[in-house]
Every structure is written in C-alpha cells, then in structure tokens.
1. Out of segment 94-140, which residues are modelled with pLDDT under 95, of a type in the set (Gly, Ala, Ser) and not in a helix (DSSP H, G or I)?
2. Considering segment 225-239 alone, what residues qualify as being surrounded by fewer than 18 Cβ atoms within 10 Å (Cβ to Cβ) and under 27 Å from residue 172 (Cα atoms)?
3. Is there any pair linking a residue in segment 86-101 that is without any contact (Cβ under 8 Å) to a residue 60 or more places away in the chain and polar (S, T, N, Q) to one that is in a loop (DSSP other than H, G, I, E, B) and surrounded by 12 or more Cβ atoms within 10 Å (Cβ to Cβ), with Cβ under 9 Å and at least six apart or on different chains, and which?
4. Hey, could you check segment 41-93 for residues that are part of a helix (DSSP H, G or I), in contact with a helix residue (DSSP H, G or I) (Cβ under 7 Å, 6 or more places away or on another chain) and among the polar types (S, T, N, Q) and say which is farthest from residue 219 (Cα to Cα)?
5. Starting from segment 10-22, keep only residues that are at positive phi, then list their pairs with residues that are not basic (Lys, Arg) whose Cβ atoms are within a distance under 7 Å, requiring at least 6 positions of separation or different chains.
6. Condition first: under 30 Å from residue 192 (Cβ atoms) and touching a Gly at 6+ places or on another chain (Cβ under 6 Å). Can you find one or more residues in segment 147-158 that meet it?
7. Taking segment 162-193 as the search range and keeping residues that are out of contact with any Gly (no Cβ under 7 Å at 6 or more places or on another chain) and of a type in the set (D, E, K, R), which one is surrounded by the fewest Cβ atoms within 10 Å (Cβ to Cβ)?
8. Yes or no: segment 32-55 includes at least one residue that is among the β-branched types (Val, Ile, Thr), over 22 Å from residue 209 (Cβ atoms) and more than 18 Å from the chain's Cα centre (by Cα).
Amino acid sequence: MQTLTIANEKGGVGKTTLSCLLAFYLAEKRGGRVAAIDVDGQGNLSHTLRQYRIEVPATALFQDEPIALPAVRKTIAVFPATPKLKNLEIGTEQVQHQRVRTFMAQVDALSEHFDYCLIDPPPTAGMRLVATLAAAEYVTMPIELEEYSREGVKNMLQTIFGVRAEYNPRLKFIGILPNRVMKTQPRQRSALIDLFAHYSDYLLPGQVAVTTRSAIPRALEEGKPVWQLPNAVGHDASTEVLRTFEAIMTAIEPQADTQAGPEAQSA
C-alpha cells in the first residue's frame with residue numbers, strides 16, 4: 001500500500017479539493033482500492049466523498065483496538081471526520097506521542113485491504129498533522145501564489161524533516177504544487193515563471209500547476225471527478241489535473257521501487 005498526503009500548515013490552499021480528486025484518480029485511473037482518511041475537523045473531504053463513507057470514523061485510528069472493517073463494496077472507503085477529532089490535540093506530550101504511534105500502526109494495518117491510503121490532514125500544526133506525516137510515505141505541498149510565503153514553506157519543510165527524524169525515515173517530500181493559479185493575472189503568471197525558474201528542485205516534476213477553474217468545484221459538488229464532466233465544461237481542468245496527478249505518480253513510483261527490503265537492496 002502506498003500512503004500519500006497533500007499537506008500544508010496554511011489553510012485555504014486547496015489541499016482537500018486536491019485530495020478528493022486524487023482519491024478519484026487513484027481509484028479510476030490507477031484501478032486501486034483507496035482508503036481516504038479525513039483527520040481535518042472541518043470534514044470537507046468526508047462531505048464531498050460522502051457516498052464512500054464507511055462506519056469507521058477517523059478517530060478510531062487513534063485508538064488501540066483493532067479496526068473491524070465493514071465490507072467495502074466501492075473502490076474508495078472514506079474514514080470520516082467527526083467533531084471529536086479536535087479533542088485529540090489535548091493531552092501531555094507522552095499521550096500525543098502515543099497517539100501518533102497508534103495512528104501509524106492502524107494505517108499500516110490497512111495495507112491488507114487497500115492499494116492506496118490518502119490522508120487529509122488539518123491545515124494547522126499539531127498532533128494530527130504530525131500523525132499524518134508519520135504514517136505517510138509521500139507528501140506534496142500545495143501553495144497559492146498570491147499567498148506564497150517562503151517562511152510558510154520553510155516552516156512546513158521543517159515539520160516534514162522533523163517528523164522524518166523522529167518517527168518516519170521513509171517519508172519522502174515529492175514537491176511543491178502551485179495551486180489555484182490565476183494565469184489571467186500578470187502578477188500570477190510572473191510569480192509562476194519565477195517559481196519554475198528558481199525553485200525547480202523543490203517542485204513536482206514537469207512544471208505542473210493547477211489553475212483556478214469553475215469546473216473543479218462544480219464536479220466535486222456533483223460528487224464526481226472533473227474528467228467526468230462534459231468535454232466542453234471540464235476539458236481544460238481535466239487535462240491539467242490529470243497531468244498533475246501523473247507528475248505525483250512519476251515522483252512516487254521510482255521511489256516505491258526502491259522500498260523493497262534490505263535483502264533486495266543488497267542483492
């Protein structure tokens with residue numbers, strides 16, 4: 001099972017929108033069984049993908065009891081957010097550390113049932129974000145150009161590297177994704193060109209970016225991926241989103257091949 005997250009400590013950058021579309025992509029275009037875990041208390045992923053919700057809340061993955069999965073008849077299984085998620089941020093450092101470890105173990109146990117696990121974290125620093133990164137193998141970070149802040153990117157990278165050192169040496173940062181780009185605005189076009197020119201080592205491969213388009217929220221309101229909209233409505237958005245997700249998989253798959261055990265690596 002490959003475990004991914006789209007994360008940023010700043011809200012409003014479109015991480016949940018991308019997560020919903022990525023869940024559809026992994027299920028439909030990659031033919032995978034997808035576990036989508038919503039640990040963002042706002043529950044937007046749970047709402048958008050409500051037809052795929054199962055009766056196992058995300059809070060259960062922070063508890064020691066083994067998860068009894070119901071029969072999953074669809075290609076996506078959403079572990080929904082609940083208001084109790086916010087209570088998980090309360091507790092001593094030792095309690096928080098144990099919750100992170102428990103979540104890691106529970107997510108790992110899902111590998112018997114799913115090909116992909118996609119975790120939607122909260123847009124704030126805290127135990128749930130740390131747990132998400134600790135359980136993930138791959139993370140990408142969406143940014144908005146108007147709100148682009150080197151300090152914000154730096155803080156998120158420090159969180160990723162800190163989690164890698166303390167919990168999860170397998171965690172791979174696969175790149176920054178410019179999102180909600182308004183290419184009709186000269187300042188945004190200039191910022192995007194500058195980003196590609198000077199920060200290519202930190203970006204997803206292929207100079208991908210997702211433009212602000214009305215087709216994306218329309219598709220998600222209808223509970224479907226943007227590529228299922230009529231061509232005249234969703235063509236440009238679909239092309240852009242699919243290209244972005246292919247870039248994510250290009251970044252993941254060569255690394256996934258190297259994740260074989262030490263016997264394979266030493267052969």
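1. The answer is 125, 126.
2. 239, the sole residue that qualifies.
3. 96/126; 98/91
4. Of the residues in segment 41-93, the ones part of a helix (DSSP H, G or I) are 44-48, 50-52, 58-62, 83-89, 93.
Then drop every residue that is not in contact with a helix residue (DSSP H, G or I) (Cβ under 7 Å, 6 or more places away or on another chain), which leaves 44-45, 48, 58-59, 61-62, 84-85, 88-89.
Right, trim to among the polar types (S, T, N, Q) and you get 44, 48, 59.
Details: 44: 14, 48: 10, 59: 28 Å.
Among them, the one singled out is 59.
5. From residues that are at positive phi, the pairs are 14/142; 14/179.
6. Step one: filter segment 147-158 for residues under 30 Å from residue 192 (Cβ atoms), giving 147-158.
From what is left, the residues that are touching a Gly at 6+ places or on another chain (Cβ under 6 Å) are none.
So far as segment 147-158 goes, no, none of its residues is under 30 Å from residue 192 (Cβ atoms) and touching a Gly at 6+ places or on another chain (Cβ under 6 Å).
7. Here the residue is 187.
8. Yes: segment 32-55 contains one or more residues that are among the β-branched types (Val, Ile, Thr), over 22 Å from residue 209 (Cβ atoms) and more than 18 Å from the chain's Cα centre (by Cα).
The values are calculated or read from the model by the stated rules, or taken from the named source; none is laboratory data. Note that the structure is a prediction, hence the values are computed from the model and not measured. In this analysis, Cβ positions are derived from the backbone assuming ideal geometry, glycine residues included, and neighbour counts consider all displayed protein chains.
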